[in-house]
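Down below is the structure, laid out as structure tokens.
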Amino acid sequence: MAPALALSEEAPVSWAHRASKLEPYSGPPRNVQYIEELKLDESCRPKKYEIRGTHANSRILILDVSILDSTGRPPYRGDVFIEGRFSAVGTVPNKEELERDPNVRKFYGNGRTLMSGLGDAHTHLSWDGGDLSQFGSLGVEEHTLLTAKSAQCYLDCGYTMCWGAAAAKDRLDVVIRDAINAGNIPGPRCLANGKEIARTGGDLIPSITTYADGPDEMRETIRRHVDIGVDQIKLSMSGEEITETRAAQDCYFTDEETAACVDEAHRHGRMLCAHARARDSVVMCVKHGVDVIYHASYIDDEGMDLLESNKTKHVVAPAINWLIATLDADAFGYPKAKAEQAGYKKELDTAILGLREMHRQGIVVLPGGDYGFAWTPHGTYARDLVHFEKLLGFTAYESIIAATAGVAKLFMRENELGKILPGFYADCIVVDGDPLADLGILQDRSRLDIILINGRVHKAGTGRKKDNSSDYELNTSLFL
Ligand SMILES: [Zn+2]
């Protein structure tokens, strides 16, 4: 197998000092431009799936909301009218007439925030929060139900875009994506992945891994994944400390293998993403064109320079919550002292500096990641946004831009998803409060008063009775 390419552990990085202090910034969101300039490989444009099940005559009027449109413009007060997509935003020309129309469903916002549904760039719908090593013995039928449950959980949490980062069995992501699109089960817009591809001896969790060694086997595995209907390909390139045998700083792929994977996947119009904690794995991703780089914890100067000069072609999704939660997993039998000893504290500190520097240099960093493990349970997805603000130097609005317009860009549907603008799909949430003042409220499902996907009401009402106008009926049914 490929040698473990160990980095000299204390290799200094040129940004360490600069990034150790967060410079205060309160201007307009900088990543609007970073995301705009991103030009993902046109030949890998994902299929444009549509979700069925929205009634052709569905008309929804949401009045008096603070519109946080994800363009970078500050929130402003206004109304929206929805007919599958947003047909009017800000000012609704025939508002009085529509208010009187009994066939128009009306909601009164009273200044609540209307914003795009959120997106997750590193989703594992088929991780179920339990012991992942047991997945091998879990029946495919049971596993499919668990996967459907996670998909609904994402939507219940206001997430309308999930970019699959690997599935535990070959077709779990694929069938759930298709069932959501057919209108059969509730869930976000999904792009599906297959099992992660690792070399023999480079796997993280054997029961959820597809093994391939050398360029030829890897090409063959990718072709098989394409045949079963995945939208993107996952490479597991580096180690992970919790395995106790594969260090995060070790890279198991060779240049030849990485290049072959990119060539084969792109030839079939599929983007790739990679578990890439090690320095060498990040360098290989950029050199050979792996589109989405996960973690990137141990990026060094060479990797940063390469990434900076290729920043229009790559997205980094750190899945930073995994590192934070793993250092706080005593209750799950993984003591903090052990996690620190394994290297998670060091990795977190190192990763934070690198990610701050990426944000400073205009590299697109997106939230989402690795929810579905025992201590990163489904339903806690929006923790990422707070981490971005508190740790990585994003403003609250930049966190929201990344999670909305940023993930829409990764779907390559930035002209119809992720913003509150006329013509865009009505995938949106109405939040009781101001997320720009407190991103933490996005973790509180009871404050997501309305959730719409594809112009269809998934949820309206919290069951709370706050004042007369918030007295929505509680309705979580899919078809209305
Ligand atoms: Zn992952």
Selection status of LEU235, under 27 Å from ALA325 (Cα atoms) and surrounded by fewer than 24 Cβ atoms within 10 Å (Cβ to Cβ): no
Exactly one of THR254, THR160, THR243 is β-branched (Val, Ile, Thr) and open to solvent by less than 10 Å² (accessible area, probe 1.4 Å), and that residue is THR160
Among what's in region 166-190 and is of a type in the set (Gly, Ala, Ser) and more than 16 Å from the ligand (Cβ to nearest atom), pick the residue that is nearest to LYS149 (Cα to Cα). GLY187
Could you give every pair whose Cβ atoms fall below 9 Å, whose first residue belongs to region 172-196 and is outside the structural domain of LYS149 (by TED's automatic domain parsing), and whose second residue is assigned to a strand (DSSP E or B) and among the small types (Gly, Ala, Ser), counting only separations of at least 6 or pairs across chains? none
Testing GLU36 on (1) touching a Leu at 6+ places or on another chain (Cβ under 6 Å); (2) assigned to a helix (DSSP H, G or I), one condition comes back false. Which one is that? (1)
Under 7 Å between Cβ atoms, at least 6 apart or on separate chains: pull out the pairs that start in region 125-149 with a residue that is at positive phi and end on any residue that is assigned to a loop (DSSP other than H, G, I, E, B) and within 15 Å of the ligand (Cβ to nearest atom). GLY129/GLY372; GLY129/ALA374; GLY129/PRO377; GLY129/HIS378
When region 212-230 is examined, which residues are found to be of a type in the set (A, V, I, L, M, F, W, C) and either touching a Gly at 6+ places or on another chain (Cβ under 8 Å) or not assigned by TED's automatic domain parsing to the domain that holds ALA260 (or both)? ILE228, VAL230
Please give the number of the condition ARG383 fails out of (1) open to solvent by less than 50 Å² (accessible area, probe 1.4 Å); (2) modelled with pLDDT of 95 or more; (3) out of contact with any Cys (no Cβ under 8 Å at 6 or more places or on another chain); (4) under 23 Å from SER150 (Cβ atoms). (1)
Extreme residue, farthest from the ligand (Cβ to nearest atom), among residues of region 111-138 that are among the hydrophobic types (A, V, I, L, M, F, W, C) and either within 17 Å of THR376 (Cα to Cα) or more than 14 Å from the chain's Cα centre (by Cα) (or both): LEU114
State all residues of region 278-333 that are on the phi > 0 side of the Ramachandran plot and either touching an Asp or Glu at 6+ places or on another chain (Cβ under 8 Å) or open to solvent by less than 10 Å² (accessible area, probe 1.4 Å) (or both); if no residue qualifies, say none. GLY289, HIS295, ALA296, ALA319
What number goes with the only condition from (1) closer than 18 Å to ALA317 by Cβ; (2) more than 16 Å from the ligand (Cβ to nearest atom) that TYR154 does not pass? (2)
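Residue-by-condition table, conditions (1) within 22 Å of TYR154 (Cβ to Cβ); (2) touching a helix residue (DSSP H, G or I) at 6+ places or on another chain (Cβ under 8 Å); (3) outside any loop (DSSP other than H, G, I, E, B); (4) within 16 Å of the ligand (Cβ to nearest atom):
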{"residue": "LEU307", "(1), (2), (3), (4)": "no, yes, yes, no"}
{"residue": "VAL316", "(1), (2), (3), (4)": "yes, yes, yes, yes"}
{"residue": "ILE324", "(1), (2), (3), (4)": "yes, yes, yes, yes"}
{"residue": "ALA337", "(1), (2), (3), (4)": "no, no, yes, no"}
{"residue": "GLN341", "(1), (2), (3), (4)": "no, no, yes, no"}
{"residue": "LEU353", "(1), (2), (3), (4)": "no, yes, yes, no"}
{"residue": "HIS359", "(1), (2), (3), (4)": "no, yes, yes, no"}
{"residue": "PHE388", "(1), (2), (3), (4)": "yes, yes, yes, no"}
{"residue": "TYR397", "(1), (2), (3), (4)": "no, no, yes, no"}
Residue tally, condition over 20 Å from the mean Cα position of the chain (by Cα) and either among the hydrophobic types (A, V, I, L, M, F, W, C) or outside any helix (DSSP H, G or I) (or both), over region 276-285: 3
If you go through region 243-293 one residue at a time, how many are of a type in the set (D, E, K, R), farther than 19 Å from LYS311 by Cα and within 16 Å of the ligand (Cβ to nearest atom)? 1
For region 184-261, list the strands (runs of 3 or more DSSP E) that sit wholly inside it and hold at least 2 residues that are closer than 19 Å to GLY289 by Cα and modelled with pLDDT of 90 or more; which are they? 196-198, 232-236
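The values are calculated or read from the model by the stated rules, or taken from the named source; none is laboratory data. No experiment lies behind these values; they were computed from the predicted model shown. Cβ atoms come from the backbone with ideal geometry, glycine included; neighbour counts cover every protein chain shown. Side chains included, ligands, DNA and RNA excluded: accessible areas come from the protein's heavy atoms. Shrake-Rupley method; radii C 1.70, N 1.55, O 1.52, S 1.80 Å.
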